[in-house]
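Trainee: Let me begin by handing over the structure; questions about it come next.
The values are calculated or read from the model by the stated rules, or taken from the named source; none is laboratory data. From a predicted model like this one, the values you see are computed outputs, not experimental measurements. Cβ: placed from backbone, ideal geometry, glycine included. Neighbour counts: every protein chain shown.
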Amino acid sequence: MAFNSLADFNLDVLTKEEETSVINISLDLIEVWKNQPRNFIDPQEITDLANSIKNYEQLSPIIVRSHPEKTDKYLIVAGEKRYWASKEAGCEIIEAKVKDFNDIQAFEIALIENRQRSKLNLIDDTLATLNLIELTTKENQETIVTYLHRIGNKKITDVPIDFIESVEDIFSRTSEISINTFVKKRLRLLKLPNFILDPIKRGDMSDYCVPMIAKLASSDENLAKEIVERVVKENWNRDKIKEEIKKLISNKKPVMKAENFDDIKSDFKKVYSKVLRSSKISSDSKKQRKLQKIIQEMESLL
């Protein structure tokens with residue numbers, strides 16, 4: 001099944017179009033698909049949902065498909081949180097709709113469903129998009145990234161036409177951003193240091209922090225690490241991050257490296273030697289006054 005755009009997708013639409021009935025399936029027969037777009041689920045979310053299920057029962061069925069390798073088993077397409085919450089709530093069965101999806105269709109539905117129900121962080125979203133392109137085009141991710149950069153740089157003559165068509169089709173159906181935006185703003189996220197990526201993946205830090213902290217990390221990684229630790233610990237919002245970064249930068253005194261100071265001493269000795277030998281200074285009172293001012297400025301540093 002395909003959708004013309006992200007706005008067209010809705011779990012209720014799936015139900016109406018195919019009139020899939022809801023059935024009860026034993027939780028023991030269901031497995032979590034390893035290719036789920038979301039790499040981290042907050043345990044507290046599961047606990048809260050489990051309490052809701054205990055009090056109000058399951059609000060909506062999950063979507064599964066037949067396991068391609070195990071008879072009478074199922075893989076989750078959409079609804080992993082409800083699956084774990086039902087287990088935590090002590091349920092033995094769960095309401096589900098069984099769909100006849102292949103890997104590509106299942107991943108596409110899972111990606112869109114995750115974006116709509118609970119926003120994916122930018123890292124998971126970027127990786128999931130690359131995984132969907134990989135499933136669809138059968139290219140490895142290194143090649144995919146190379147081709148995407150060529151498309152972003154308008155060098156499409158160096159990219160197979162079938163790859164371009166597949167990627168355009170994927171973005172038109174599943175994404176609210178363009179290919180160019182994905183290339184310029186999303187792919188570079190994957191090159192960030194782990195001390196920035198890991199808290200975002202764990203849900204400890206919002207992805208709106210990325211641009212500010214990434215910019216800081218490019219010039220002062222230690223200061224960026226300090227900011228990340230405090231963002232996670234104190235749960236700073238966007239304005240607080242801006243304020244603290246500005247404050248820390250202004251209060252931070254640059255430290256002169258030993259090898260750089262040795263260079264300065266060497267340069268000073270050379271200039272000093274030239275001054276002693278210069279007839280231009282000894283015969284020019286104006287230059288002597290300038291030199292005197294420089295000497296006074298140097299003394300003020302001591």
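Residues checked against (1) among the aromatic types (Phe, Trp, Tyr); (2) over 20 Å from Ile200 (Cα atoms); (3) out of contact with any strand residue (DSSP E or B) (no Cβ under 6 Å at 6 or more places or on another chain):
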site: Pro37; (1), (2), (3): no, no, yes
site: Ser52; (1), (2), (3): no, yes, yes
site: Lys87; (1), (2), (3): no, yes, yes
site: Cys91; (1), (2), (3): no, yes, yes
site: Ala96; (1), (2), (3): no, yes, no
site: Asn121; (1), (2), (3): no, no, yes
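Trainee: Let me ask something else. With respect to Asp198, determine if the residue is part of a helix (DSSP H, G or I), among the acidic types (Asp, Glu) and under 16 Å from Leu120 (Cα atoms).
Mentor: Values: part of a helix (DSSP H, G or I): yes; among the acidic types (Asp, Glu): yes; under 16 Å from Leu120 (Cα atoms): yes.
It is true that Asp198 is part of a helix (DSSP H, G or I), among the acidic types (Asp, Glu) and under 16 Å from Leu120 (Cα atoms).
Trainee: Name the residue that is modelled with the lowest pLDDT, counting only residues in the range 244-280 that are in a helix (DSSP H, G or I) and touching a helix residue (DSSP H, G or I) at 6+ places or on another chain (Cβ under 8 Å). Step through it out loud before you land on a result.
Mentor: Taking the range 244-280 first, the residues in a helix (DSSP H, G or I) are 244-251, 258-277, 279-280.
Okay, now just the ones that are also touching a helix residue (DSSP H, G or I) at 6+ places or on another chain (Cβ under 8 Å), so 244-245, 248-249, 275, 280.
Values: Glu244: 83, Ile245: 81, Leu248: 77, Ile249: 73, Val275: 76, Lys280: 76.
Ranking the candidates gives Ile249 first.
Trainee: While we're here: Output the residues belonging to the range 73-95 that are over 32 Å from the mean Cα position of the chain (by Cα) and of a type in the set (D, E, K, R). Show your work before the answer.
Mentor: Initially, the range 73-95 is screened for residues over 32 Å from the mean Cα position of the chain (by Cα), giving 73, 90-95.
Correct list: Lys73, Glu92, Glu95.
Trainee: Among the residues of the range 185-208 satisfying the criterion of being loosely packed, with under 13 Cβ neighbours inside 10 Å and basic (Lys, Arg), which is nearest to Lys154 (Cα to Cα)?
Mentor: Among them, the one singled out is Arg188.
Trainee: Moving on. Looking at the range 221-245, I want the residues that are of a type in the set (Asp, Glu) and have a partner that is assigned to a helix (DSSP H, G or I) and surrounded by fewer than 16 Cβ atoms within 10 Å (Cβ to Cβ) with Cβ atoms under 9 Å, at least 6 apart or on another chain. Which pairs are those?
Mentor: Glu221/Phe195; Glu229/Phe195; Glu234/Lys240; Glu244/Arg230
Trainee: Taking the conditions exactly as written (among the aliphatic types (A, V, I, L, M) and exposed (fewer than 13 other Cβ atoms within 10 Å of the Cβ)), does Ile161 satisfy them or not? Please lay out each step first, then the result.
Mentor: On the way: among the aliphatic types (A, V, I, L, M): yes; exposed (fewer than 13 other Cβ atoms within 10 Å of the Cβ): yes.
Spelling it out, Ile161 is indeed among the aliphatic types (A, V, I, L, M) and exposed (fewer than 13 other Cβ atoms within 10 Å of the Cβ).
Trainee: Write out, first by first residue and then by second, each pair whose Cβ atoms fall under 7 Å of each other, whose residues are 6+ apart or on separate chains, and whose first residue, in the range 281-302, is within 17 Å of Val271 (Cβ to Cβ) and modelled with pLDDT under 80 while the second is assigned to a helix (DSSP H, G or I) and polar (S, T, N, Q).
Mentor: Filtered contacts from the range 281-302: Ile281/Gln288.
Trainee: Using the structure shown, decide if Ser60 is assigned by TED's automatic domain parsing to the domain that holds Val32, among the small types (Gly, Ala, Ser) and surrounded by 20 or more Cβ atoms within 10 Å (Cβ to Cβ). Don't jump to the end; show me each part of the working.
Mentor: On the way: assigned by TED's automatic domain parsing to the domain that holds Val32: yes; among the small types (Gly, Ala, Ser): yes; surrounded by 20 or more Cβ atoms within 10 Å (Cβ to Cβ): no.
No; evaluated as a whole, the condition is false for this residue.
Trainee: Only one of these conditions is not met by Ile177: (1) part of a helix (DSSP H, G or I); (2) not assigned by TED's automatic domain parsing to the domain that holds Tyr74. Which number is it?
Mentor: Going through the list (1) part of a helix (DSSP H, G or I); (2) not assigned by TED's automatic domain parsing to the domain that holds Tyr74, Ile177 breaks only (1).
Trainee: Out of everything in the range 71-115 that is among the charged types (D, E, K, R), over 15 Å from Ala50 (Cβ atoms) and free of Cβ contacts under 8 Å to residues at least 60 places away in the same chain, what residue ends up being surrounded by the most Cβ atoms within 10 Å (Cβ to Cβ)?
Mentor: Here is the first cut: in the range 71-115, the residues among the charged types (D, E, K, R) are 72-73, 80-82, 87-88, 92, 95, 97, 99-100, 103, 108, 113, 115.
In the following step, the residues that additionally are over 15 Å from Ala50 (Cβ atoms) were identified as 72-73, 95, 97, 99-100, 103, 108, 113, 115.
So of that shortlist, the ones also free of Cβ contacts under 8 Å to residues at least 60 places away in the same chain come out as 72-73, 100.
Values: Asp72: 8, Lys73: 15, Asp100: 10.
Among those that are among the charged types (D, E, K, R), over 15 Å from Ala50 (Cβ atoms) and free of Cβ contacts under 8 Å to residues at least 60 places away in the same chain, it is Lys73.
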